[in-house]
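Data first, discussion second: the structure below is written as structure tokens.
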Amino acid sequence: MASTSRGDALALPRVHCPDHPDAILVEDYRAGDMICPECGLVVGDRVIDVGSEWRTFSNEKALKDPSRVGDAQNPLLNGGDLTTMISKGTGAASFDEFGNSKYQNRRTMSSSDRAMLNAFKEISTMADRINLPRNIIDRTNNLFKQVYEQKSLKGRANDAIASACLYIACRQEGVPRTFKEICAVSRISKKEIGRCFKLILKALETSVDLITTGDFMSRFCSNLGLPKQVQMAATFIARKAVELDLVPGRSPISVAAAAIYMASQASAEKKTQKEIGDIAGVADVTIRQSYRLIYPRAAELFPPDFKFDTPVDKLPQL
């Protein structure tokens, strides 16, 4: 008997005994039955065995895994990637008298599937390098598939499209990365990723939320090893500077870097412009320009409960 929880209509059905719903069913692998241990009722039959389709003997452990079931189904590929590929024969029985292979693949992977598979591998590699979770990889793969099937970016390199899709997915999932961070894990220039980014948004008629200083603050401060108090102060400074319109036309990343520099200089955990620039991916001169804009009103930018190690009037003037 199968039932679905009321809280989630999309939940998978749960098989249980009608008389003993809390009993843990015992699976008989040989018969394919699910049996209630309390009353012996066969609750489910013909259960699919999801285990391995082979037996491994002690003398075969060092050899290649003899799997015959193929890869997991990939819904992003045409046909779900359920095709069977016959490997190249090695024994004499695999060839005829003329040396031709007796067993050949009736259907090989199409060029479009091969291109998408290579792009998915590249996306997974880039995401692993910057420790992105699986949900972002899945969203990136879906974005790439939509763009590839629309053929709206013909002539652009698939690696550039994949990099731009990863950038979009990060922003849509609320964990934005900078163009420089994406560029660092790919083989594509920042300019090319930016071009593909704009083209993809236009082609898919989608949008991304505007990035703010708060999107990067916790990650930058964590990478710099700054304490929580400095992080909170830098977040407060950046938000206040934007509210007072002290940094018109400056990018959120440069404002965040300048706020971190000001907060760290006022605390015991001082960081140089170069250290912050290396983490934030901005030049020292960019940090200085943003810092000069907010320095004249520094006394208004710090939170009231901030404990100064260096007074405001002693902060660097640059």
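The values are calculated or read from the model by the stated rules, or taken from the named source; none is laboratory data. Since this is a predicted model, take the numbers as computed values, not measurements. Quick reminder, even Gly has a Cβ in these numbers, built from the backbone with ideal geometry, and neighbours come from all protein chains shown. Areas reflect the complete protein model, heavy atoms only, side chains present, ligands, DNA and RNA absent. Shrake-Rupley method; radii C 1.70, N 1.55, O 1.52, S 1.80 Å.
Among the residues making up segment 168-187, a single one is of a type in the set (A, V, I, L, M), open to solvent by 50 Å² or more (accessible area, probe 1.4 Å) and in a helix (DSSP H, G or I): ALA184. Name the residue that is farthest from GLU243 (Cα to Cα), counting only residues in segment 199-232 that are in a loop (DSSP other than H, G, I, E, B) and acidic (Asp, Glu). Going through the qualifying residues, I end up with GLU205. Can you find, within segment 139-162, the residue that is nearest to SER251 (Cα to Cα) among those that are among the polar types (S, T, N, Q) and surrounded by 20 or more Cβ atoms within 10 Å (Cβ to Cβ)? My answer is THR140.
Quick check: is even one residue across segment 127-138 closer than 20 Å to LEU76 by Cβ, surrounded by 15 or more Cβ atoms within 10 Å (Cβ to Cβ), touching a residue at least 12 places away in the same chain (Cβ under 8 Å) and of a type in the set (S, T, N, Q)? Among the residues of segment 127-138, not one is closer than 20 Å to LEU76 by Cβ, surrounded by 15 or more Cβ atoms within 10 Å (Cβ to Cβ), touching a residue at least 12 places away in the same chain (Cβ under 8 Å) and of a type in the set (S, T, N, Q), which makes the answer no. Among the criteria (1) surrounded by fewer than 20 Cβ atoms within 10 Å (Cβ to Cβ); (2) within 24 Å of LEU153 (Cα to Cα); (3) of a type in the set (A, V, I, L, M, F, W, C), the one CYS165 does not fulfil is (1). Looking at segment 166-178, can you tell me whether even one residue there is outside the structural domain of ARG288 (by the TED database) and among the acidic types (Asp, Glu)? Scanning segment 166-178, I find at least one residue that is outside the structural domain of ARG288 (by the TED database) and among the acidic types (Asp, Glu), so the answer is yes. If you go through segment 207-227 and keep only what is under 20 Å from the mean Cα position of the chain (by Cα), exposed (fewer than 15 other Cβ atoms within 10 Å of the Cβ) and touching a residue at least 24 places away in the same chain (Cβ under 8 Å), you end up with VAL208, ASP209, GLY214, ASN223.
Count of segment 188-198 residues, restricted to those that are crowded, with 16+ Cβ neighbours inside 10 Å and part of a loop (DSSP other than H, G, I, E, B), is 1. Given the residues ALA258, ALA283, which is the only one that is surrounded by 15 or more Cβ atoms within 10 Å (Cβ to Cβ) and under 29 Å from the mean Cα position of the chain (by Cα)? Residue meeting the stated conditions: ALA258. A search for C-beta distances below 8 Å between a residue of segment 247-275 that is without any contact (Cβ under 8 Å) to a residue 24 or more places away in the chain and any residue that is among the aromatic types (Phe, Trp, Tyr) and assigned to a helix (DSSP H, G or I), counting only pairs 6+ apart in sequence or on different chains, returns GLN273/TYR261.
On the stretch given as segment 172-206, residues that are of a type in the set (Gly, Ala, Ser), closer than 20 Å to PRO252 by Cβ and within 15 Å of the chain's Cα centre (by Cα) total 1.
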